[in-house]
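Enquirer: To start, I am sharing the structure in question, which I have written as structure tokens.
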Amino acid sequence: MSFNIAIDGPAGAGKSTIAKKIAAKKGYIYVDTGAMYRAMALYLIREQATPEQIDEKCEHADITIGYENGEQVVYLNGENVNSYIRTEEVGRMASISSPNPNVRRKLTQLQQKLAADKDVVMDGRDIGTCVLPGAQVKVYLTADSHERALRRYRELTAKGETCDLDTIEKDIVERDRQDMTREISPLKQAEDAVLLDSSHMTIDEVVDAVITLCDREG
Ligand code: DC
């Protein structure tokens, strides 16, 4: 049986950084489910889909993942779309399209298939609650919104982009609200998930805490 680690939490909590490090330490595959929702959003933008058309249009998007040089690559109808999915526009469309039941059914099935026969560290919003309810280790990783905004602000300014901390924090709070209040698969801590608040923890401290949880499960 495969070993599954589920990491859920709000935007900017550090899920992907932590998940990648754990995957490397354990030799597991890292699965970034947000990237799949983003690839679907990119397809819908390219198709100029209206919200009413999402149900039908999403059926024509074939999303798969693979690995090149150790990095997850998302393919949309056979095209590597990694370099197109990190824009604000795609992020906005992803938050509009990810609550759609057809979109979620399609991507959840793909995620479950990946985890069925491989050891994975999967991060997202509904992994412990809906996608992998039987995961051996479940973590709900969070940090306060000001700290998450600061991290994003530092990331952007390091890249030479000009940005405003207050605006970033407002965006983060709004995304949390959308993710937590949607009807289908809202972001919430699974009953059996361990809560880790990374506001005052280093990356290595969080990684060690998750590895300890894995070791306990054998
Ligand atoms: O983590 P991210 O910003 O790349 O996620 C993109 C969008 O997809 C975001 O609006 C939340 C949504 N998402 C989701 O609904 N369920 C997941 N398992 C992962 C992401």
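Enquirer: Out of everything in the range 12-33 that is surrounded by fewer than 20 Cβ atoms within 10 Å (Cβ to Cβ) and of a type in the set (A, V, I, L, M, F, W, C), what residue ends up being farthest from Gln72 (Cα to Cα)?
Expert: Filtering first and then ranking leaves Ala24.
Enquirer: Which strands (runs of 3 or more DSSP E) does the range 29-137 wholly contain that include 3 or more residues that are in contact (Cβ under 8 Å) with a residue 12 or more places away in the chain, within 11 Å of the ligand (Cβ to nearest atom) and in contact with a helix residue (DSSP H, G or I) (Cβ under 9 Å, 6 or more places away or on another chain)?
Expert: 120-124
Enquirer: Please find, within the range 151-168, the residue that is surrounded by the most Cβ atoms within 10 Å (Cβ to Cβ) out of those that are away from the ligand (no atom under 16 Å from the Cβ), assigned to a helix (DSSP H, G or I) and of a type outside the set (Ser, Thr, Tyr).
Expert: Leu165
Enquirer: Turning to a different aspect of this structure: Quick one: which of Gly134, Gly218 is open to solvent by 60 Å² or more (accessible area, probe 1.4 Å) and at positive phi?
Expert: Among Gly134, Gly218, only Gly218 is open to solvent by 60 Å² or more (accessible area, probe 1.4 Å) and at positive phi.
Enquirer: Name the residues in the range 38-74 that are modelled with pLDDT of 95 or more, crowded, with 17+ Cβ neighbours inside 10 Å and either polar (S, T, N, Q) or in contact with a strand residue (DSSP E or B) (Cβ under 8 Å, 6 or more places away or on another chain) (or both), would you?
Expert: Result: Arg38, Ala39, Met40, Leu42, Tyr43, Ala61, Ile63, Val74.
Enquirer: Scan the range 186-202 for residues that are open to solvent by less than 80 Å² (accessible area, probe 1.4 Å) and farther than 20 Å from Val173 by Cβ and report the count.
Expert: Taking the range 186-202 and keeping what is open to solvent by less than 80 Å² (accessible area, probe 1.4 Å), we get 186-187, 189-190, 193-194, 196-199, 201-202.
In the following step, the residues that additionally are farther than 20 Å from Val173 by Cβ were identified as 190, 193-194, 196, 201-202.
Of the residues in the range 186-202, 6 are open to solvent by less than 80 Å² (accessible area, probe 1.4 Å) and farther than 20 Å from Val173 by Cβ.
The values are calculated or read from the model by the stated rules, or taken from the named source; none is laboratory data. Everything quoted here is computed from the prediction, not taken from an experiment. Note: ideal-geometry Cβ built from the backbone for every residue, glycine included; neighbour counts use all protein chains shown. These area figures cover heavy atoms from the full protein model, side chains too; ligands, DNA and RNA do not enter into them. Shrake-Rupley method; radii C 1.70, N 1.55, O 1.52, S 1.80 Å.
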